[in-house]
């Protein structure tokens, strides 16, 4: 969990730095930060804390489209990557 949060913050800082350096040349920088993804590693980490079942219910209640699986996340990223630049 710590690694996930740390890497998300690092990506945001990296995108900001890129935007500052490349913006004057008309180049934009974007990131996609999906939040939690439903993977075996996620639930194995939560299972060690003893709160996996409660967390799964709470997370399911707040995910708007009920799409937290790695496959749906990958499909949406692929779609974004194929879009022509504006």
How do 46, 80, 11 rank when sorted from fewest to most other Cβ atoms within 10 Å of their own Cβ?
80, 11, 46
Arrange 56, 75 by Cβ neighbour counts within 10 Å, fewest through most, would you?
75, 56
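Every read-out reported here was derived from the displayed coordinates using simple, explicitly stated rules and does not represent laboratory data. Since we're looking at a predicted model, the values are computed, not measured. For neighbour counting, all protein chains shown are included, and Cβ atoms are generated from backbone atoms with ideal geometry for every residue, glycine included.
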